[in-house]
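Enquirer: Below you will find the structure I want to go over with you.
The values are calculated or read from the model by the stated rules, or taken from the named source; none is laboratory data. What you are looking at is a predicted structure, and each value in this text was computed from that prediction instead of being measured. With ideal geometry, Cβ positions are generated from the backbone for all residues, glycine too; neighbour counts draw on all protein chains shown. Accessible surface areas use protein heavy atoms only, side chains included; no ligands, DNA or RNA. Shrake-Rupley method; radii C 1.70, N 1.55, O 1.52, S 1.80 Å.
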Amino acid sequence: MKRIKTLYQCRECGARFPKWAGQCGDCGAWNTLEEAVAEKKPAAPRFAGYAGDGAAASIQPLSQVAAGEAERAATGLPELDRVLGGGLVQGSVVLIGGDPGVGKSTLLIQALASLSDTLSALYVSGEESAEQIALRARRLGLPAERLQLLTETCVERILALAEKHRPRVMVMDSIQTFYSGELSSAPGSVSQVRESAARLVRFAKQTGTSLFLVGHVTKEGALAGPRVLEHMVDTVLYFEGEAGSQIRLVRAIKNRFGAVNELGVFAMTDKGLKEVNNPSAIFLSRHQAQVAGSAILVTREGTRPLLVEVQALVDQSPLGNPRRVALGLEQNRLAMLLAVLHRHGGVGMYDQDVFLNVVGGVRVTETAADLPVLLAVLSSFRDRPLPQGLAAFGEVGLAGEIRPVPSGEERVREAAKHGFDRILLPAANKPRRAVKGIEVVPVRRLDEALRLVTEPL
Ligand code: TYD
Ligand code: MG
């Protein structure tokens, strides 16, 4: 293959240099030069016979653009369909990231086997041998008659084959293993990942092929390779799971075709990934008796309310600067809440370590967790369990007020459905009509809410 001229481009400012250097000569940023392909003529490889190819673009009124509902295919895994926004959109590019061994390949081969029933499907692996993949598919009992397989790492060769076979849906496992022959850097390097992804995305858009890209995650939790990958694709999913736990969560971080922060819940079994239909049930640890420092939160992930347990441990600190550790919640928010608790609840934690954990490895990004977090903290501090059957949600403002959050009534119903008989919520979230089986306790200020913990209801 003909070698193409390469140059080095600054990630920050876009300046180009013929040689690599540690510092960009233009903007002065360090370590931002990356290998890139010098512009070629003709610009893009073309796939004959598709819309968009060669035809000159024209300006048209928005109202005259024919826009039907995006065509969607069911993946056979309703929880995956849910995070995708209701099924896989034709021609969309989905990036799915996760730690090694979390089950990305398993999830995608299950989805692809099911899709291959109605669409021509191609699984491209740069990581595993064909035998390994076949063995796994067989062990999972997947219908594999129509699933096409390719083990290859050169993007140009993959695209040449794909153009011939015209799959409607394609999985690329994983993007870090593919390389473009036009760059001299090693597979997995930033420029290779970006260039390979760019080519694949272009192919998907020009041919209307749905594309799944698997991406590895770095220790810091970001997708390895350039963040630009996230801008190039339509949907970004993160596949998460805790070591030693069967539970796997798929979360939409970005979705051009659906809600973000939608959560799909799976369990990893010896027969592959299985759906979890009632996720609220698994995130509640079943205590025999009420324990101090535990509060039940009704959060909302995407379009679905979810019950999770928040645990706090408050302990006398030997340090001058006590620790504030939050797992599954934002650390700064915890510091802020503790300040509000001091100022408006009259309880100081300045000589106490505060540890906070959301059970089951769920990450809660919502402000609705504020009130239950403070309840859990105070409950642990006083070593006094919260009343049995109590759930809570609500945002706590800096002035000590309890502020409403979206979908109050839906949360109350979810709590009632799981057998909770009392719920603490912002007064403005009080449902207009009573919900059967659950007593609603509206609160306006933090001190009102805290009184419920220190004095039994
Ligand atoms: P895999 O899909 O290969 O992970 P990834 O592609 O994200 O690196 O999953 C590998 C893990 O999943 C491995 O530790 C074994 C486990 N597993 C099961 O528990 N049951 C199964 O049926 C399969 C296929 C894998
Ligand atoms: Mg894999």
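Enquirer: Hey, how many Å between the Cα centroid of the stretch 355-400 and the Cα centroid of the stretch 269-317?
Expert: First find each Cα centre; the distance between them is then 12 Å.
Enquirer: Same structure again: For SER184, SER380, give the ranking by accessible area with the largest first, probe 1.4 Å.
Expert: SER184, SER380
Enquirer: Hey, another quick one. Each residue of the stretch 106-114 in turn: what ³J(HN,Hα) in whole Hz from Karplus with 6.51, -1.76, 1.60 and θ = phi - 60°, glycine and Pro shown as x?
Expert: 4, 4, 6, 6, 5, 5, 5, 4, 6
Enquirer: If a/c stays under 1.5 just call it rounded; otherwise compare a/b with b/c (prolate if a/b is bigger, oblate if not). Do that for the stretch 72-277, with a ≥ b ≥ c from the square roots of the Cα gyration tensor eigenvalues.
Expert: Details: a/c = 1.34, a/b = 1.19, b/c = 1.13.
Rounded is the answer for the stretch 72-277, as its axis ratio a/c remains below 1.5.
Enquirer: Okay, moving on. If you wrap the stretch 226-331's Cα atoms in a convex hull and average its projection over all directions, what's the area in nm²? Can you show the working numbers first?
Expert: Numbers: hull surface 42.1 nm².
Mean projected area of the Cα convex hull: 10.5 nm².
Enquirer: Another one. Structure shown: which of LYS104/LYS254; LYS164/LYS205; LYS5/LYS254; LYS205/LYS254; LYS254/LYS417 lie over 27 Å apart, alpha-carbon to alpha-carbon?
Expert: Those over the limit are LYS5/LYS254; LYS254/LYS417.
Enquirer: Could you go through the stretch 59-70 in sequence order and give the Karplus-derived ³J(HN,Hα) for each residue, using 6.51 cos²θ - 1.76 cosθ + 1.60 with θ = phi - 60°, rounded to whole Hz, and x for Gly and Pro?
Expert: Using θ = phi - 60°, the values come out as 8, 9, x, 4, 5, 9, 6, 6, 10, x, 4, 4 Hz.
Enquirer: A follow-up question, please. Using a/c under 1.5 as the rounded threshold, could you call the stretch 397-457 rounded, prolate or oblate? The axes a ≥ b ≥ c are square roots of the C-alpha gyration tensor eigenvalues, and prolate needs a/b larger than b/c, oblate otherwise.
Expert: Details: a/c = 2.42, a/b = 1.36, b/c = 1.79.
Note, shape of the stretch 397-457 comes out oblate.
Enquirer: Using 20 Å bins from zero, what percent of all Cα-Cα pairs in the chain falls into each bin?
Expert: Per 20 Å bin, starting at 0, the Cα pair percentages come out as 22, 44, 30, 4.
Enquirer: Mind listing the long-range amide H neighbours of VAL396? Cut-off is under 5 Å, sequence gap 5 or more, other chains count too, H placed in the peptide plane at 1.01 Å from N.
Expert: ASP370, LEU371, ARG403
Enquirer: Would you please put 105-118, 419-432 in order of how densely packed they are, using the mean number of other Cβ atoms within 10 angstrom per residue and starting with the highest?
Expert: 105-118, 419-432
Enquirer: Any idea of the accessible area per residue across the chain, 1.4 Å probe, to the nearest Å²?
Expert: On the way: 21980 Å² over 457 residues.
I get 48 Å² per residue for this part.
Enquirer: Another question, if that's okay. In the stretch 275-380, if every C-alpha pair distance is counted and binned at 5 Å from zero, what percent goes to each bin?
Expert: Values per bin, smallest distances first: 2, 12, 23, 24, 17, 12, 6, 2, 1, 0.
Enquirer: So how do 391-398, 404-411, 312-319 stack up, highest first, on mean other-Cβ count within 10 Å?
Expert: Peptide ranking by packing, descending: 391-398, 404-411, 312-319.
Enquirer: Show the residues, 5+ positions off or on another chain, whose built amide H is closer than 5 Å to the amide H of ARG248.
Expert: Long-range HN contacts for ARG248: PHE266, ALA267, MET268.
Enquirer: With θ set to phi - 60° and the Karplus curve 6.51 cos²θ - 1.76 cosθ + 1.60, what are the ³J(HN,Hα) couplings of the stretch 433-447 in order, to the nearest whole Hz, using x for Gly and Pro?
Expert: In residue order, the calculated couplings are 10, 5, 9, 4, x, 9, 8, 9, 10, x, 10, 9, 10, 4, 4 Hz.
Enquirer: Give me, ordered by chain and number, the residues 5 or more places off GLY97 or on other chains with an amide H under 5 Å from its own placed amide H.
Expert: Residues meeting the criterion, in which the H sits 1.01 Å from N, are GLY215, LEU237, TYR238, PHE239.
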